[in-house]
1. Add +1 for every Lys or Arg and -1 for every Asp or Glu among the other residues with Cβ under 12 Å from the Cβ of GLY108, and state the total.
2. Would you please name the GluC sites (Glu not before Pro) within segment 261-365 that are DSSP coil residues with at most 11 other C-beta atoms within 10 Å of their C-beta?
3. Taking a virtual spin label 7 Å from the Cα of ASP35 along the C-beta vector, which residues in segment 75-114 bring their backbone nitrogen under 20 Å of it?
4. Return SER305, SER92 ranked ascending by Cβ neighbour count within 10 Å, so the fewest neighbours appear first.
5. Pull out the extension gain between LYS349 and SER103, defined as 0.36 nm times the separation in residues minus the alpha carbon to alpha carbon distance; nm, one decimal.
6. Mind scanning LYS130/LYS315; LYS130/LYS175; LYS61/LYS267 and naming the pairs with a C-alpha gap bigger than 26 Å?
7. Would you please report the Å³ per residue occupied by the convex hull of the alpha carbon atoms in segment 1-143?
8. Hey, could you pull the Cα Rg and Dmax for segment 305-352, both in Å?
Amino acid sequence: MSKVYFASRRAEYADSVMDKVNNLIDRVNIKDGIDDNDSAAIKLHFGEPGLTTYLRPVLVKPFADKIKAAGGRPFLTDANTIYHGPRSDGVSHLETAVKNGFSYTVTGAPVIIADGINGEDYIEVDVPGKFYDKVKIAGQAHRAKAMVVLSHFKGHEMFGFGGALKNIGMGLAAKEGKLSLHSNIKPKIKKGNCTKCGSCIRYCPAGSIKMTEGGAQIDSAICTGCGQCLMVCSYHAVKIKWDMDFSEAQKRTAEYAYGVHNPKKGKIWYFNFLLDITPECDCYPYSDSPLVADIGILASADPVSIDRASYELVKAAPSLNNSKAEGLKEGEDKFKGGHPQTNPEPIFKHARDIGLGEDDYELIEI
């Protein structure tokens with residue numbers, strides 16, 4: 001049974017939220033797992049422009065300070081997205097992070113995008129999976145000697161909720177990995193949008209795209225599904241059909257999470273922030289009303305247990321009026337208010353089955 005430490009959101013003059021964060025860091029003994037001069041990745045989500053409920057940058061600084069005090073060298077990181085937007089390449093991703101407040105002055109650590117400018121920096125990691133025997137993990141995150149995973153706990157359209165497992169499994173998958181997590185078919189060209197600019201052809205590493213009279217055309221027999229064409233097309237002519245069964249996508253994500261976690265056993269820790277628990281993922285450019293009131297912060301060395309504990313705490317909480325969970329009772333799944341089609345149990349079961357963590361936990365309130 002894994003230990004999950006919990007600090008309530010309630011605060012007093014001598015017991016602020018920042019004090020609670022520092023106490024949680026001490027409880028999971030980060031200092032004992034970081035050796036002198038260790039590079040230490042702080043994995044988080046920098047938020048989209050327009051979003052206001054991503055993890056507050058000021059809450060990141062205690063982690064950077066504790067890592068430095070232990071002799072480590074912290075950096076903030078995340079991997080690029082496969083969809084078009086301000087986090088789809090390393091330059092705009094870095095700019096977005098700084099604009100949203102993740103500067104060195106505020107956090108005490110620099111930002112390094114984990115898979116490089118175009119998402120081409122990744123390491124293949126062996127996993128004991130049903131869907132993968134190797135997963136493609138963002139290079140700088142994998143190379144870091146230690147990792148602290150900071151997750152804003154909220155809703156998600158594929159998982160029901162987004163926590164530690166989604167944060168590392170989907171978040172640190174390289175572009176080709178993200179594509180395989182989301183879809184079981186390869187990209188297609190929407191002819192009406194193609195301007196014949198040739199960018200997709202120049203950047204296709206497999207040489208699978210040819211120009212025809214009607215526009216670009218992808219040879220699915222050659223295409224590796226890397227997603228590079230999706231990123232470089234400025235005219236939204238490359239389309240992916242997002243039709244994978246949610247339970248399969250969850251299980252695939254668990255295997256990617258294993259690829260992040262297992263090489264760092266004993267040197268990776270998880271913190272879930274049950275604050276501003278909104279119905280949508282932080283990849284959206286807006287923030288809807290929270291489903292429930294702020295609950296607190298959890299810490300553990302087990303990504304499965306911390307997500308299970310977080311999920312149960314949200315279920316047990318009263319729903320808020322003027323939210324998508326309005327009317328749902330204590331004990332009911334509040335995330336179904338936003339995404340009634342989702343069921344998070346497959347990711348819990350598969351993560352446990354492949355040895356990623358334990359579903360049983362001891363909740364220790366500090």
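Quick note: the coordinates plus some simple rules give every number you see, no bench work behind them. Note that this is a predicted model, so its numbers are computed, not measured. For neighbour counting, all protein chains shown are included, and Cβ atoms are generated from backbone atoms with ideal geometry for every residue, glycine included.
1. Charge balance in the 12 Å sphere: +3.
2. GLU330
3. Residues 75 fall inside that zone.
4. SER92, SER305
5. Values: separation 246, 0.36 × 246 = 88.56 nm, distance 3.79 nm.
Difference between extended and current length: 84.8 nm.
6. Those over the limit are LYS130/LYS315.
7. Details: hull volume 22.9 nm³, N = 143.
Dividing the Cα hull volume of segment 1-143 by its residues yields 160 Å³.
8. Cα-based Rg and Dmax for segment 305-352 come out at 11.4, 36 Å.
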